[in-house]
Amino acid sequence: MSDGTTTAGLGPVVGEERMLIDGELRAARSGKVFETVNPATGEVLGVAADGSADDLDDAIGAARRAFDSTDWSTNVDRRVAGLRQLHAALVARTEELRPMTVAEVGAPLGMTHHAQLNTPIESLAWVADLLEGYAFETDLGNAAPLGIPSHRWIRREATGVVGAVTPWNVPHQINLAKLGPALAAGNTVVLKPAPDTPWCATVLGRIIAEDTDIPPGVVNVVPSADHAVGALLSSDPRVDMVSFTGSTATGRKVMVAASESIKKVFLELGGKSAFVVLDDADFGGACATAAFTVCTHAGQGCVITTRLIVPRSRFDEAVEATAKVMAVLPAGDPTDPGTVCGPLISARQRDRVEEYLRLAVADGGSFVLGGGRPEGLSAGFFVEPTLIVGLPNSSRVAQEEIFGPVLTVIPHDGDDDAVALANDSIYGLSGSVWGERDRAISVANRIRTGTMGINGGLWFSPDVPFGGYRQSGVGRESGIAGFEEYLETKSLAEPA
Ligand code: NAD
């Protein structure tokens, strides 16, 4: 079902109102809908079914039945075929999805050719290949534990019903990074997207229902304006695992709620990653990359580096080089192919970022660049790329996740100090280090995060595990490790 709004030059924005439950595309039981808004213009794009606890109950019931009474969990060929069909359907519809993604997410058009659309679609092909070659059984040979000669082997099995809860910042990436491996492993899924980007999930539901033979109930998509509906996935005993991506604050709640039924919990949470520049680094390259990174998608990425940690002796030089690039990076209309820094997702998110900008000043910081709203973009939810100096690493602005195009520059006094500052955070999701190779790798190895880029190297890819240390999460998404998160391990033995 579509709304016909046109995004300038990109073709019609085609959304989907209906949720997917038990193979049926349908309205919410209550008949209620909620609006989805274009963050670049503030315009209402259309509506999505407003799922309630009743709808979620239906979806969990359908996922449970599909897991317990079909061969989905054990039929590898069927799953490979389903994933390949879904991949092919998404490839065929990529150009239809692109304007919708730009309009609903506010994702700069250029990003849809990578992380916001094309890369996640391609990740399904990678998962299907992995599944085709994956050994679900491993022979451990014979042994005589307790004097009983036995032949032992290990079998990997699907976990069961997976509740997948996702955020709005890179919705296709996160929806598919959960759906692909969860389905490949033989699970059934209830996907609950963020209220800000329901269509990115409901359109996926429609494509699964209409363009694939994935059986009814294997994938269910329930959008809702009410966060409490997603919370039910953590507490319902019919759900075996919650795969959650979102803020650390919500992740804590998911963990607590899931503890009642001892659910497997997989968490991808927030970050406050450090971009460390050593004194022998290529300063021009490092500072330009730090500037580009924080402006990408207006800083709305959990792995985006938001603390720039530079040698005290070259502080002014680093600030100047970074500001110079931030000042000219294309910002504004996400439908412009050159735009790097688009809008924030909502007025609420803009308010949140602006609150941190006020806090930066109140705590003694100052803006080298930005600090307000850009001129001429009053309709959408924009904030200027902002560079802050004068705040210590212990300040709230340097410690808390802002999720905006805001970079704080902090001086260090050598490699040990840089490592200590990078690690002085409750988070541990990502990071970057620039300097002579061996020295940079040594620093990267000492920083307690799940991913690190060295001198501009990029790890983001379907075959690379991604996730957080400390309060940035539990478990890994993508790669073989990501696939295996969705498997149980059964050990078996027979008399030898
Ligand atoms: P959020 O935590 O507010 O919401 C995420 C999802 O959880 C939404 O679908 C929301 O409806 C749902 N939700 C809210 N309360 C819930 C509850 N009690 N139980 C279950 N579900 C609940 O996050 P957001 O604002 O949508 O997204 C931004 C956050 O996501 C940032 O903190 C960012 O760092 C994080 N994020 C992390 C990763 C990662 O992989 N580590 C990736 C992207 C975003």
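For GLU494, the criteria (1) among the acidic types (Asp, Glu); (2) open to solvent by 70 Å² or more (accessible area, probe 1.4 Å); (3) within 16 Å of the ligand (Cβ to nearest atom) hold in every case but one, which is (3).
Counted as qualifying within the range 63-137 are the helices (runs of 4 or more DSSP H) with 2 or more residues that are in the same structural domain as ILE207 (by TED's automatic domain parsing) and surrounded by fewer than 18 Cβ atoms within 10 Å (Cβ to Cβ), namely 76-92, 94-105, 118-133. Six or more apart or on different chains, Cβ atoms under 6 Å: show the pairs whose first residue is in the range 180-197 and outside the structural domain of GLY46 (by TED's automatic domain parsing) and in contact (Cβ under 8 Å) with a residue 12 or more places away in the chain and whose second is of a type outside the set (Asp, Glu) and more than 9 Å from the ligand (Cβ to nearest atom). As it stands, the answer is none, since no pair meets every condition given. Which residue, of VAL105, VAL80, VAL91, is in contact with a Leu (Cβ under 6 Å, 6 or more places away or on another chain) and either modelled with pLDDT of 95 or more or of a type in the set (Phe, Trp, Tyr) (or both)? Exactly one of VAL105, VAL80, VAL91 is in contact with a Leu (Cβ under 6 Å, 6 or more places away or on another chain) and either modelled with pLDDT of 95 or more or of a type in the set (Phe, Trp, Tyr) (or both), namely VAL80.
Looking only at residues of the range 431-441 that are open to solvent by less than 60 Å² (accessible area, probe 1.4 Å) and within 18 Å of VAL310 (Cβ to Cβ), we find that the one that is farthest from the chain's Cα centre (by Cα) is GLY435. When restricted to residues that are part of a helix (DSSP H, G or I) and either aliphatic (A, V, I, L, M) or within 7 Å of the ligand (Cβ to nearest atom) (or both), the range 234-250 contains 4.
Just so you know, in the range 252-269 the residues that are crowded, with 24+ Cβ neighbours inside 10 Å and near the ligand (Cβ under 7 Å from one of its atoms) include one that is farthest from the chain's Cα centre (by Cα), and it is VAL254.
So, VAL203, is that one buried (at least 24 other Cβ atoms within 10 Å of the Cβ), touching a Gly at 6+ places or on another chain (Cβ under 8 Å) and not in a loop (DSSP other than H, G, I, E, B) or not? It is true that VAL203 is buried (at least 24 other Cβ atoms within 10 Å of the Cβ), touching a Gly at 6+ places or on another chain (Cβ under 8 Å) and not in a loop (DSSP other than H, G, I, E, B). SER224 falls short of the stated requirement of being among the hydroxyl-bearing types (Ser, Thr, Tyr), in contact with a strand residue (DSSP E or B) (Cβ under 6 Å, 6 or more places away or on another chain) and open to solvent by less than 10 Å² (accessible area, probe 1.4 Å). Only one of the numbered conditions (1) touching a residue at least 60 places away in the same chain (Cβ under 8 Å); (2) surrounded by fewer than 24 Cβ atoms within 10 Å (Cβ to Cβ); (3) within 16 Å of the ligand (Cβ to nearest atom) is not met by ILE154, and that is (3). Say whether the condition of being buried (at least 23 other Cβ atoms within 10 Å of the Cβ), more than 21 Å from LEU329 (Cβ to Cβ) and of a type in the set (Gly, Ala, Ser) is met by at least one residue in the range 375-391. Taking every residue of the range 375-391 in turn, none turns out to be buried (at least 23 other Cβ atoms within 10 Å of the Cβ), more than 21 Å from LEU329 (Cβ to Cβ) and of a type in the set (Gly, Ala, Ser). Based on this model, can you work out whether ASP196 counts as acidic (Asp, Glu), within 13 Å of the ligand (Cβ to nearest atom), open to solvent by 10 Å² or more (accessible area, probe 1.4 Å) and within 28 Å of GLU43 (Cα to Cα)? Considered against the rule, which asks whether it is acidic (Asp, Glu), within 13 Å of the ligand (Cβ to nearest atom), open to solvent by 10 Å² or more (accessible area, probe 1.4 Å) and within 28 Å of GLU43 (Cα to Cα), ASP196 comes out as yes.
Among residues of the range 466-480 being farther than 14 Å from LYS178 by Cβ and assigned to a loop (DSSP other than H, G, I, E, B), the one that is most open to solvent (accessible area, probe 1.4 Å) is TYR469. Out of VAL353, VAL409, one residue alone is under 22 Å from ALA288 (Cα atoms) and open to solvent by less than 50 Å² (accessible area, probe 1.4 Å). It is VAL409.
Counting only helices (runs of 4 or more DSSP H) that fall entirely inside the range 329-444 and contain at least 2 residues that are free of Cβ contacts under 8 Å to residues at least 12 places away in the same chain, within 16 Å of the ligand (Cβ to nearest atom) and assigned by TED's automatic domain parsing to the domain that holds ARG314, the qualifying elements are 347-362.
Looking at the structure I just gave you, is ALA185 within 19 Å of ALA125 (Cβ to Cβ) and either over 16 Å from the mean Cα position of the chain (by Cα) or surrounded by fewer than 24 Cβ atoms within 10 Å (Cβ to Cβ) (or both)? Yes.
The values are calculated or read from the model by the stated rules, or taken from the named source; none is laboratory data. This one's a predicted model, so the numbers in the text were calculated from it and none came from an experiment. Every residue, glycine as well, gets a Cβ built from its backbone with ideal geometry; the counts of neighbours run over all protein chains shown. Note: accessible area is taken over every heavy atom of the protein model, side chains too, but ligands, DNA and RNA are not part of it. Shrake-Rupley method; radii C 1.70, N 1.55, O 1.52, S 1.80 Å.
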